[in-house]
Every structure is written in C-alpha cells, then in structure tokens.
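Below is one structure; the comments refer to it alone.
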Amino acid sequence: MSLINKEIADFKVKAYAGGKFIDVEKKDLAGKWSIFFFYPADFTFVCPTELEDLAEKYDEFKKAGCEIYSVSCDTHFVHKAWHDASEKIKKIQYVMLADPTHALAKDFEVLIEEDGLAERGTFIVNPEGRIVSYEVSAGNVGRNADELLRKLQACQFVAEHGDEVCPAKWQPGAETLVPSLDLVGQL
C-alpha cells in the first residue's frame with residue numbers, strides 16, 4: 001500500500017539539535033516542508049556518509065523552506081555521543097530525532113521489527129503534514145542529498161503549480177509538462 005498523501009500521525013519525541021536536547025512534535029512541522037531521513041543506527045558505516053552529505057547541503061534545504069529531521073531508533077543521548085565523537089556528525093546542524101519506542105519508524109512503515117532498527121527511508125512531507133514523496137533503500141546503499149533536494153524542489157513546484165508536472169531530471173527553472181486532458185484519458 002502506498003504512503004503517498006498519508007498524513008503522518010501525531011508524535012512527540014526527544015531530539016538532539018544545536019548542542020541541546022529538545023522535544024519535537026508534529027505541531028512543530030505545521031506550515032513547513034519537512035524531510036524525515038531514517039537511517040539504521042548511530043555509530044555505523046554508511047549512515048555517517050549520508051548524514052554528512054545532508055549536512056553539507058543543509059543551507060540549500062533551509063533556503064528552500066525545508067527542515068531536515070534525521071531519525072534512528074537510538075536515544076537522544078546516543079545522538080549526542082555520536083555527535084561528540086564523529087568528525088562527520090559534528091557537521092550536522094539539523095535536528096536528530098530519537099525514536100527508541102519505534103513510534104515514528106512504525107508510522108512511516110520502515111521498522112525492521114526483528115532488529116529494532118529503521119530501514120533507510122526518505123520522506124518528503126508537505127506543509128499539511130502529508131507524505132508527497134518517499135523512497136526506501138537497502139541498508140547497504142547510501143542516498144544522495146543532491147537528488148533529494150531536486151525531488152523536494154519538484155514537489156514544491158508541483159504543489160504551487162498544480163496543473164504542471166516535472167519530468168525526469170527536472171531542475172528548478174527547467175521546462176515542465178502540462179498534461180493534456182485528451183492524453184490523460186488514454187493512459
């Protein structure tokens with residue numbers, strides 16, 4: 001079953017951000033674009049490369065009006081310990097959500113029950129709290145922040161220009177498509 005257009009459930013979790021422990025709730029997302037970036041665990045191998053890649057693009061995501069929330073089933077204490085210990089993770093300025101109860105991983109359907117870990121799932125959530133794009137990758141395959149930013153920008157463009165669609169490899173400012181009503185019926 002697809003998660004597209006699913007409204008995310010209410011939640012309240014602990015997080016590590018800006019050198020502090022904070023609470024993050026669904027209501028904090030209202031009216032903003034968000035990315036939920038699930039990864040299996042802190043102190044692992046592929047995860048720091050992805051999180052560093054996102055950290056290096058964070059300013060571009062912020063310029064696009066989007067907040068990034070990285071999420072693992074670790075506690076906020078473990079997030080801080082990893083942030084303190086890793087040169088790659090020290091670069092992170094976005095919010096690191098703690099999901100030790102697996103509430104978020106279950107809601108986004110990325111929980112690996114037998115391991116108590118999350119799959120590598122990436123979710124773009126619109127300002128109304130609905131999933132508009134997502135991708136789940138194998139645990140041994142890292143993701144690309146450039147492509148994620150492009151997908152975010154495409155989702156934002158389509159939300160603003162509902163009658164236009166973004167073709168493959170679309171970039172901001174590039175030509176879009178306007179589906180013909182005659183052709184839509186033939187698909």
Over 29 Å (Cα to Cα) among LYS106/LYS169; LYS6/LYS151; LYS6/LYS169 -> LYS106/LYS169
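Using only alpha carbons, build the gyration tensor for the range 24-89 and give me the equivalent ellipsoid semi-axes, biggest first, whole Å.
The equivalent ellipsoid of the range 24-89 has semi-axes of 22, 15, 10 Å.
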Longest principal axis of the chain (C-alpha) makes with the long axis of helix 76-85 (C-alpha) an angle, in degrees to the nearest 10, of 80
For ILE112, the residues 5 or more places away or on another chain with a placed amide H closer than 5 Å to its own amide H are LEU117, ALA118, GLU119
Note: the range 65-128, point scatterers on Cα, Debye, no solvent; log10 I/I(0) at q = 0.24 Å⁻¹ equals -1.10
Expressed per residue, the solvent accessible area of the chain in Å² (1.4 Å probe) is about 53
Dividing the mean separation of Cα pairs under 8 Å (6+ apart) by the residue count of the chain yields a relative contact order in percent of 25
Given 2-8, 73-79, 128-134, the highest-first ranking by average Cβ count within 10 Å works out to 73-79, 128-134, 2-8
The base-10 log of I(q)/I(0) that the Debye equation returns for the range 75-165 at q = 0.12, 0.26 Å⁻¹, one scatterer per C-alpha, is -0.50, -1.38
Excluding residues fewer than 8 positions from LYS90 in its own chain, the aspartates and glutamates with Cα under 15 Å of it are ASP42, GLU50, GLU52, ASP53, GLU56
Phi-derived 3J(HN,Hα) across the range 140-153 with the Karplus relation (6.51, -1.76, 1.60, θ = phi - 60°), rounded Hz, x for Gly and Pro, is 9, 10, x, 9, 10, 5, 4, 5, 5, 4, 4, 5, 4, 4
Carbon/sulfur accessible area of the chain, % of total, 1.4 Å probe, equals 53
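The values are calculated or read from the model by the stated rules, or taken from the named source; none is laboratory data. All values derive from a computational prediction rather than experimental measurement. Here Cβ is always computed from backbone atoms with ideal geometry, including for glycine, and neighbour counts include all displayed protein chains. In case anyone asks, the SASA skips ligands and DNA or RNA and just uses the protein heavy atoms, side chains included. Shrake-Rupley method; radii C 1.70, N 1.55, O 1.52, S 1.80 Å.
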